[in-house]
Amino acid sequence: MLSYHFLQEPIMDDRQQLSRYFLHCSRSYRLGKTEDWQRRYDAIYPARREDFQNDLKQRFEKIKDELRQVEIILREVLKAQLLLLNQLDHQLAELTGQPPPKQVPRRSFIGKRSLLGPCHEAFCEERRRTRQVLNRNGIWRSSIFPTLEEAEAYDRQQAQKKAQKRAERKAKQMVRMRRWLDECLGVENSD
């Protein structure tokens with residue numbers, strides 16, 4: 001007689017089959033049935049850990065060396081290009097009668113150009129134009145000014161306001177100090 005045991009099990013849809021498959025895989029992973037898991041588990045013990053680390057170093061050291069050499073060559077090429085572009089910027093400024101571009105005070109810049117690429121230039125330029133501004137509600141927020149000159153003008157304006165407030169505080173402090181001194185000396189003040 002034929003056995004129809006497969007008909008007695010409930011029929012599973014795709015999601016149930018997939019979840020059962022993942023459960024099976026995770027169980028086998030937890031039980032150490034995969035080679036990678038076993039190697040990581042062995043790395044817990046000191047002697048096995050050293051072997052595991054040495055094996056990884058040997059595998060990837062050659063690849064790391066090649067990548068370092070490629071990085072060094074690419075940096076040298078980029079630096080040569082930036083030096084040439086900086087010279088061209090200065091020549092263009094001379095021909096148009098404008099002042100030469102300022103050197104950005106950062107190590108990764110040659111003139112106004114970045115060794116890290118044009119996106120980094122744009123990011124740094126935007127950061128130089130960004131200021132913290134107090135809005136009407138009394139909340140500080142970042143504001144990006146259209147030009148660097150406007151941002152510097154805002155800084156000067158804020159510095160003037162700060163100096164004025166400091167002078168007012170100092171004047172009030174001097175008045176209080178004079179009043180206190182007069183009280184201590186018992187002098188009548190006609191203010």
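Points to keep in mind about this one:
- Residue within segment 23-45 that is assigned to a helix (DSSP H, G or I) and at pLDDT 75 or above present: no
- Residue check for residue 166: over 29 Å from the mean Cα position of the chain (by Cα) and basic (Lys, Arg): yes
- Residue satisfying all of: in segment 119-140; surrounded by 10 or more Cβ atoms within 10 Å (Cβ to Cβ) and in a strand (DSSP E or B); modelled with the lowest pLDDT among these: 134
- Qualifying residue in segment 180-189 (condition: modelled with pLDDT under 85 and either within 30 Å of residue 81 (Cβ to Cβ) or of a type in the set (D, E, K, R) (or both)): yes
- Considering 98, 87, 81, the condition of being outside any helix (DSSP H, G or I), modelled with pLDDT of 70 or more and closer than 30 Å to residue 127 by Cβ is satisfied by 98 alone.
The values are calculated or read from the model by the stated rules, or taken from the named source; none is laboratory data. What you see is a predicted model; the values in this text were computed from it and never measured. Ideal geometry is used to build each Cβ from the backbone, glycine not excepted, and the neighbour counts take in all protein chains shown.
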